[in-house]
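Worksheet: the structure to be examined is printed underneath.
No value in this document is a laboratory result; all are computed from the given coordinates. What you are looking at is a predicted structure, and each value in this text was computed from that prediction instead of being measured. Counting neighbours? That spans all protein chains shown, and the Cβs are built from the backbone with ideal geometry, glycine included.
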Amino acid sequence: MKALSTSAAPGAASAAGPGRATLGGHVLDQLVRLAPVAELKDADTIAYGQVLMESLSDTAHRPLSLPPASPSFISDDHTPVEFSLAFTRDADPHLRVLVEPGCAVGDVAGSGRVGLAAIREMAARWDFSTAQLDAVEDLFFPADPQGPLALWYALELRPGGVPGVKVYLNPSAAGPGNAARTVREALRRLGHPHAFDVLPAGAGYPFIALDLGDWATPRVKVYVKHPRMSADDAATVSRTTPGLAEDQVTTFFQLAAGTVPLPGRRAEERQRLLRRPALTCHAFTDGKATSPSGFTLHIPVRDYVRDDSEALARATALLRHFGIGASALRRALSALTPRKLTDGVGLIAYLALAHEQHRQPRVTAYLSSEAYAVRPPLTLPLREAVSLP
Ligand code: TRP
């Protein structure tokens, strides 16, 4: 592990003295400490750490005492890296990392070029095709792209040193007014001509994602934003995907968002997420199918809890509901930071429930790196005014 360790303990890097800790050191330290939670071997961790450092390029050496090189939308404090742990019953959790490879570049167009080059390098290294990405490149990389992102990638850090690769693109690259058209055209080119018509109504499409490389069933995924969502709305949206247990979606929503069902008429009306919106994600694998093969509900738990101890309690309750223990998540949180969970909010950014055809449901916790800032605890979560009958 010597080749990778940048400091002995989390926080040690910043203790090295003002201006000494770097972004690369910080995230590498976190990766090394998270790896055992997902049973990753040292050789794999070293290889993945190198990939991560290459993507951060110059920003890897950038001191944390300087502001972030660009205002990455990956995380609230603009760290261009986010970890996640995906849990299924009776299996080790999977560790993933989301990265903005163009984070060193100040403008969206430049960031996109660097991002594309990073994906093509990975394709050469791990011998996978970028045909899906090439087919839609002109849609997502116009001459004068709009933000807040050009290209992100996520790696599923699998044992053996070859990760699963996912690429995230911005449907509003040619302006929010063109996002729907861009999504429809991208789905058509990727072999899903009917997919757009089965997407639920929402307030926009923040991301589209492509599985590249070695996946059992590569997916195209479309994310939809849902302001003021209720548990019942989530269940309704989940019906776009056949064969999934709708009551699990409702229960997940209530456990993650903390909305306890209230008695009385229009009870569901009283429990809407009024801060950051929930997202749903719709996966398409079979071009001939008339419905999506997968559905994910993402709850931005960090806006609906006081602090991270409350977020952990929510995560623990819902993991337990799905028959999964919470000890790996607790270990992951202490691998990321030595701070007390009650001292901030946002270490757990999102909680998500994913249903894919013929698979066990998966619960994912998105975990912030907090390289630059810890968000202070919130005052009481905002709820729509409740007037009992
Ligand atoms: N930070 C952004 C957000 O909160 C994007 C993002 C990062 C995201 N990780 C995510 C969105 C996980 C959904 C799920 O929206």
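Using θ = phi - 60° and the Karplus relation 6.51 cos²θ - 1.76 cosθ + 1.60, list the HN-Hα couplings for the range 239-251 in order, rounded to whole Hz, with x at every Gly or Pro.
Each residue of the range 239-251 in turn: 5, 5, 9, x, x, 10, 7, 5, 5, 5, 5, 4, 4 Hz.
Using only DSSP helix segments of four residues or longer, with each worth -39500 (n - 2.57), what per-residue ellipticity at 222 nm results for the chain after dividing by its residue count and rounding to 500?
Taken over the chain, the calculation gives -9000 deg cm²/dmol.
Relative to the compact-globule scaling 2.2 N^0.38 Å, provide the ratio for the alpha-carbon radius of gyration of the range 77-159. Don't skip to the answer; put the middle values down first.
Details: Rg = 14.7 Å, N = 83, 2.2 N^0.38 = 11.8 Å.
That works out to 1.25 for the range 77-159.
Only loop residues by DSSP count here, and only those with at most 14 other Cβ atoms within 10 Å; note down the trypsin sites (Lys or Arg not before Pro) in the range 150-252 that meet that. Intermediate results must be reported in sequence, preceding the final value.
On the way: sites: Lys166, Arg181, Arg184, Arg188, Arg189, Arg219, Lys221, Lys225, Arg228, Arg239; in loops: Arg219, Arg228, Arg239.
Listed in order of number, the matching sites are Arg228, Arg239.
In whole percent, what relative contact order does the range 17-81 give with Cα contacts below 8 Å and a gap of six or more residues?
Details: 51 pairs, mean separation 28.6, N = 65.
Value for the range 17-81: 44 percent.
So how far apart, in nm, are the two label points at Arg339 and Ala289 if each is 7 Å from Cα heading toward Cβ?
In this crude label model, Arg339 to Ala289 measures out at 4.0 nm.
What's the Cα-based Rg to Rh of the chain, Rh via Kirkwood? Mind showing how you got there, number by number?
Values: Rg = 20.2 Å, Rh = 21.4 Å.
Over the Cα atoms of the chain, Rg/Rh equals 0.95.
Order 53-63, 362-372 from most to least packed using the mean count of other Cβ atoms within 10 Å. Before the final figure, lay out each step's value.
Numbers: 53-63: 17.7, 362-372: 23.1.
Ranking, from highest mean packing down: 362-372, 53-63.
Using the charge dipole of the chain (Lys, Arg: +1 at Cβ; Asp, Glu: -1 at Cβ; taken about the Cα centre), state which of Pro300, Val51, Ala131 has its Cα farthest towards the positive end.
Pro300
Return the loop-located chymotrypsin sites (Phe, Trp or Tyr not before Pro) in the range 155-242 (DSSP other than H, G, I, E, B) with at most 16 other Cβ atoms within 10 Å of their own Cβ; answer none if there are none. Display every interim value, and only then the final one.
On the way: sites: Tyr168, Phe196, Phe207, Trp215, Tyr223; in loops: Phe207, Trp215.
Those that pass, being in a loop and sparsely packed, are Trp215.
Kindly write out, for the range 141-149 in residue order, the coupling ³J(HN,Hα) from the Karplus curve 6.51 cos²θ - 1.76 cosθ + 1.60 (θ = phi - 60°), rounded to whole Hz, with x marking Gly and Pro.
These are the phi-based 3J(HN,Hα) values: 10, x, 4, 10, x, 9, x, x, 8 Hz.
Just to verify a number: FRET efficiency for Glu121 and Arg188, C-beta to C-beta distance, R0 = 35 Å, to 0.05? Numbers along the way, then the final one.
On the way: r = 28 Å, r/R0 = 0.81.
With R0 = 35 Å, the Cβ-Cβ based efficiency is 0.80.
Once amide H atoms are placed 1.01 Å from N in the peptide plane, what residues at a sequence separation of 5 or more from Leu212, or on another chain, have their amide H within under 5 Å of its amide H?
The answer is Val165, Lys166, Val167.
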